Structure formats: structure tokens, C-alpha cells
Amino acid sequence: MKKKQFKITSNQNWCKGCEICVKICPKNVFEMQKDPGPKGYFIALVEHPELCIGCLECELHCPDLAIEVKI
């Protein structure tokens, strides 16, 4: 049986680098950017989308509404 894939998008213009998604994700889908983005924030990047289990914790807890998980 094939594992269901989820599409995760992170709006880098909205992300302020709070790291909530990095800390709350049970599968370590996110990593923080090594260099600051255009607004000076270290942006959360979707580095391992194949690990996503679709729990939506990142989307529900993002204070900037910068993450969307499509099931």
C-alpha cells in the first residue's frame, strides 16, 4: 500500500521564524533556514515533506498562518 503524500506550503513572506512548526512537528518535516530571509528572519523551510503524516499541527499552530497542508 502506497503512503499518502501531503502537500505542504510555507509562505516565506509571512513566516517570522518563530520555530513553532519545527518544534511541534512529530516527524521533523521543517528546518530553519541557515541565513536570514529578505525581512531579516530565519524562515522555516519544508525540508522533508515526504515524512509528513498530515496531522496539521504545524498549520494549526502557526501564528502567522504561513503554513498550509493539503490532504
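The values are calculated or read from the model by the stated rules, or taken from the named source; none is laboratory data. Because the structure is predicted, anything quoted here is derived from the model rather than measured. For neighbour counting, all protein chains shown are included, and Cβ atoms are generated from backbone atoms with ideal geometry for every residue, glycine included. Surface areas here come from the heavy atoms of the whole protein model, side chains and all, with no ligands, DNA or RNA. Shrake-Rupley method; radii C 1.70, N 1.55, O 1.52, S 1.80 Å.
Consider the stretch 60-70 and keep the residues that are outside any loop (DSSP other than H, G, I, E, B) and buried (at least 17 other Cβ atoms within 10 Å of the Cβ). The one that is farthest from the chain's Cα centre (by Cα) is 69. Selection of first residues in the stretch 47-66 that are under 12 Å from residue 24 (Cβ atoms) and of second residues that are open to solvent by 60 Å² or more (accessible area, probe 1.4 Å) and hydrophobic (A, V, I, L, M, F, W, C), restricted to Cβ pairs under 6 Å at least 6 apart or on distinct chains, gives the following pairs, ordered by first then second residue: 61/20. Pairs meeting the criteria (first residue in the stretch 12-28 and closer than 14 Å to residue 63 by Cβ and modelled with pLDDT of 95 or more, second residue surrounded by 14 or more Cβ atoms within 10 Å (Cβ to Cβ) and among the small types (Gly, Ala, Ser), beta carbons under 6 Å, at least 6 apart or on different chains) are 21/44; 22/44.
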